[in-house]
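Before we start, here is the structure in question, set down as structure tokens.
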Amino acid sequence: MPELQFGVVFADFDLLIRAAGTTALLWAAAFSVGWSAGWIVAFGRRSPRLVLAIPARGFVECFRNTPVLVQLIWFYYALPVLIGIQMPAFGAAVLALGLNGTAYCAEIHRNGLQSVAIGQWEAGRALGMGRLRVFFRIILPQAVSRMIPAYTNRAVEMAKNTSVASVISVHELMYNARLFSSQNYVPLETFTVVAGIYFVVIWPISLASSLIERRRSA
Amino acid sequence: MTSPEPVVLSATAITKRFGTVDVLKGVDLTVRKGERIAILGSSGSGKSTLLRCLNLLERPTGGTIALDGRTIGRPDGKGCQRYDERELDRVRTRVGMVFQQFNLFPHMRVIENVMEAPRGVLGKSKAEAQAIAERQLAAVGLAEKATAWPAQLSGGQQQRVAIARALAMDPEVLLLDEPTSSLDPELVGEVLAAIRALSDEGRTMLIVTHELGFAFHFATRVLFLHDGKVLEEGPPEQVLKAPREERTRRFIERFTERRF
Ligand SMILES: Nc1ncnc2c1ncn2[C@@H]1O[C@H](COP(=O)(O)OP(=O)(O)O)[C@@H](O)[C@H]1O
Ligand SMILES: [Mg+2]
């Protein structure tokens with residue numbers, strides 16, 4: 001059993017907390033992008049027009065069947081070769097994680113919309129409500145509330161995925177942990193504390209999710 | 001009737017084709033103010049499709065619908081009608097519909113279900129919409145359920161809320177598609193009573209029903225649909241008691257036997 005030096009880690013604890021802030025920012029930005037853009041892709045998937053449905057399907061399959069690490073590196077190192085513009089690391093990370101989230105959220109949105117019976121559309125239309133009004137007042141609230149467990153699962157998954165952004169030098173929690181541990185030769189202590197920080201942030205989300213799920217099925 | 005009431009809704013040569021199947025094969029129908037028309041016919045004869053064409057939830061393949069003497073849509077030059085979404089929304093505020101499956105909005109309380117369209121579509125104030133909703137719920141005997149959720153109600157109660165919801169728009173015509181067919185037998189009576197109460201206020205209604213006894217006393221006219229066409233129509237005494245057509249007679253026998 002090695003001699004543990006948690007004191008070294010906690011002496012610079014504020015550094016890790018600030019880094020956790022960057023992690024949270026990355027997570028919030030990427031999840032917002034994914035949830036919102038997911039609606040566009042979801043509608044593409046549902047469209048009877050193949051020019052919309054096929055690209056939407058292709059987008060979803062690409063992002064769900066390649067590792068998120070590869071996607072991230074592709075957006076940071078490969079995309080600039082293609083378009084000639086080097087993105088800042090944080091931007092590339094938001095883009096890659098955001099589009100990855102888009103693909104998953106699109107499928108959740110789509111399932112949510114499908115779960116609302118066609119009769120709900122008809123009842124709204126029969127009352128003279130326009131398409132948009134039926135969507136926002138009748139369909140969306142039911143679809144979203146049914147999908148809350150799926151959204152929280154996705155949010156938890158994405159919170160964990162933010163750690164891959166360290167490989168393109170986004171100064172988030174994992175990046176700073178690796179830096180700190182190699183400078184101070186305390187990997188065991190550093191990564192134990194960092195795992196603790198991730199856990200403390202993510203666990204409440206999982207907990208809230210299962211609470212909501214239990215209340216809904218009760 | 002001495003002087004005929006004005007025509008509220010009319011259908012001319014309505015056809016509807018789904019893929020390669022002709023479901024409606026030319027239906028003509030004139031609905032005068034205050035009429036109560038019962039539509040009978042076996043399953044698959046096109047009753048629901050006809051009702052859904054009348055409020056343009058389903059766009060007819062051919063033929064025209066007119067509301068208050070105004071033809072809906074305009075000819076596209078190839079013998080069909082072109083419809084404008086906004087115009088259809090306006091039409092549907094005037095033609096109410098009650099579905100077999102109630103289709104209440106489960107995420108809204110009972111009174112919110114009834115207030116939704118008067119507020120959102122007719123632009124009534126919250127207070128006005130609430131007053132309308134309370135009146136309509138009281139009319140179907142559900143004033144005390146205003147703050148309940150649809151899932152807390154029995155099927156019969158849900159259907160009565162659906163009737164109140166449709167009437168809150170004060171439609172000129174109310175279409176009811178088998179409003180009691182998905183109810184347990186002991187709940188059918190309360191819904192039929194609520195519908196019967198509407199005839200006292202002279203509400204114009206078209207009802208698809210298999211309750212022949214109800215149709216006999218309730219309807220001013222009965223229409224028998226067979227294979228996408230109106231096979232026979234007339235006063236209930238004639239169509240139900242002395243049908244001219246063999247098919248109508250067989251249909252009535254089948255449904256009367258089922259009562260025992
Ligand atoms: N949206 C649809 N697509 C394809 N076929 C349909 C559709 N709606 C109804 N039909 C067909 O039209 C026929 C008449 O249906 P419907 O009007 O519901 O009859 P009814 O209400 O008299 O039982 C049935 O054969 C049914 O399968
Ligand atoms: Mg039907």
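If R0 is 25 Å, what FRET efficiency do you get for A:LEU132 and B:ASP170 from their C-beta distance, rounded to 0.05?
0.55
Determine, from the Cβ-Cβ distance of A:VAL70 and B:TRP149 and an R0 of 60 Å, the FRET efficiency 1/(1 + (r/R0)^6), rounded to the nearest 0.05.
Efficiency, rounded to the nearest 0.05: 0.80.
For chain A, set up a Gaussian network in which alpha carbons nearer than 10 Å are linked by springs, and say which option among A:ALA19, A:ALA11, A:ALA37 fluctuates the most.
In this elastic network of chain A, the residue with the biggest mean-square fluctuation among A:ALA19, A:ALA11, A:ALA37 is A:ALA11.
Taking a probe of 1.4 angstrom, what is the accessible area of B:HIS210 in Å², to the nearest 10?
Spelled out: B:HIS210, probe radius 1.4 Å, area about 40 Å².
Between B:THR71 and A:PHE191, with labels modelled 7 Å along Cα→Cβ, what's the label distance in nm to one decimal, could you check?
7.8
Whole angstrom only: what separates the Cα centroid of the stretch A:58-73 from the Cα centroid of the stretch A:183-209?
26
Right, here's the next one. Per-residue HN-Hα couplings for the stretch B:27-39, Karplus 6.51 cos²θ - 1.76 cosθ + 1.60 at θ = phi - 60°, whole Hz, x for Gly and Pro?
10, 10, 7, 10, 10, 9, 3, x, 6, 10, 10, 9, 9
Just how much of A:ASP14 is accessible, in Å², when a 1.4 Å probe is used and the result is rounded to the nearest 10?
Result for A:ASP14: roughly 90 Å² accessible.
When chain A is modelled as a GNM with alpha-carbon springs shorter than 10 Å, which of A:ASN176, A:ASN100, A:ASN65 fluctuates the most?
The residue that fluctuates most here is A:ASN65.
Mind checking the stretch B:65-156 for trypsin sites (Lys or Arg not before Pro) that DSSP puts in a loop (not H, G, I, E or B) and that have at most 12 other Cβ atoms within 10 Å?
B:LYS78
How many nm is it between the label spots at A:ASP14 and A:PHE43, if each spot is 7 Å from the Cα in line with the beta carbon?
Placing both labels 7 Å beyond Cα along the Cβ direction yields 4.8 nm.
Counting other C-beta atoms within 10 Å, and keeping those with at most 14, which DSSP coil trypsin sites (Lys or Arg not before Pro) do you find in the stretch B:209-260?
B:ARG244, B:ARG258, B:ARG259
Could you state the number of Å between the C-alpha centres of the stretch A:1-42 and the stretch B:100-179?
Using only Cα atoms, the two centres lie 48 Å from each other.
Using modelled backbone amide H atoms (1.01 Å from N, in-plane), which distant-in-sequence or interchain residues come within less than 5 Å of B:ARG36's amide H?
The list, which skips near neighbours in sequence, is B:MET205, B:THR220, B:ARG221.
Something else now. For B:LYS241, list the aspartates and glutamates whose Cα falls under 14 Å from its own Cα; do not include residues on the same chain fewer than 8 positions away.
Result set, ordered by chain and number: B:GLU232, B:GLU233, B:GLU253.
To the nearest 10 square angstrom, how much accessible area does B:SER48 have with a 1.4 angstrom probe?
So the heavy atoms of B:SER48 present about 50 Å² to solvent.
Now for a different question. In whole Hz, what ³J(HN,Hα) sequence does the stretch B:165-174 give by Karplus (6.51, -1.76, 1.60; θ = phi - 60°), x for Gly and Pro?
4, 5, 6, 4, 8, 6, x, 6, 9, 10
Quick one: angle between helix A:173-184 and the longest Cα principal axis of chain A, in degrees between 0 and 90, rounded to 10, please.
Orientation of helix A:173-184: about 10 degrees from the principal axis.
Which whole-Hz ³J(HN,Hα) couplings does the stretch A:136-150 yield from phi under the Karplus relation 6.51 cos²θ - 1.76 cosθ + 1.60, θ = phi - 60°, glycine and proline marked x?
The phi angles translate into 6, 8, 10, 7, 4, x, 6, 5, 5, 5, 5, 9, 3, x, 5 Hz.
Also: Could I have the simple spin-label model distance between A:LEU82 and B:GLN238, label points 7 Å from Cα toward Cβ, reported in nm to one decimal?
7.3
For chain B, with a Gaussian network of springs between Cα atoms less than 10 Å apart, report the residue from B:LEU225, B:LEU29, B:LEU206 with the top mean-square fluctuation.
Per the Cα network of chain B with a 10 Å cutoff, B:LEU29 tops the list.
Moving to a separate point now. Could you list, in their original order, any pairs among B:LYS25/B:LYS78; B:LYS124/B:LYS145; B:LYS33/B:LYS124; B:LYS16/B:LYS47 whose Cα atoms are separated by more than 20 Å?
Exceeds cut-off: B:LYS124/B:LYS145; B:LYS33/B:LYS124.
Okay, next question. Counting only Cα atoms, I'd like the Rg/Rh figure for chain B, Kirkwood definition for Rh.
0.97
From the alpha carbon gyration tensor of the stretch A:6-217, can you work out the equivalent ellipsoid semi-axes (sqrt of 5 times each eigenvalue) and give them in Å, largest to smallest?
Values for the stretch A:6-217, descending: 38, 22, 12 Å.
Can you tell me the 0 to 90 degree angle between the C-alpha axis of helix A:187-217 and the longest principal axis of chain A, rounded to 10?
Helix A:187-217 sits roughly 20 degrees off the main axis of chain A.
Within 10 Å of each Cβ in peptide A:127-137, how many partner chain Cβ atoms are there on average? Round it to a whole number, please.
For this peptide, the per-residue mean of nearby foreign Cβ atoms is 6.
Now for a separate question. For A:SER145 and B:GLU134, what does the FRET efficiency come to when R0 = 22 Å and r is the distance between their Cβ atoms, rounded to the nearest 0.05?
It comes to 0.20.
The values are calculated or read from the model by the stated rules, or taken from the named source; none is laboratory data. The shown structure was predicted, so the numbers you read here are calculated from the model rather than taken from an experiment. As a convention, Cβ positions derive from the backbone with ideal geometry for all residues, glycine included, and neighbour counts pool all protein chains shown. What goes into the accessible areas is simple: the full protein's heavy atoms, side chains included, and nothing from ligands, DNA or RNA. Shrake-Rupley method; radii C 1.70, N 1.55, O 1.52, S 1.80 Å.
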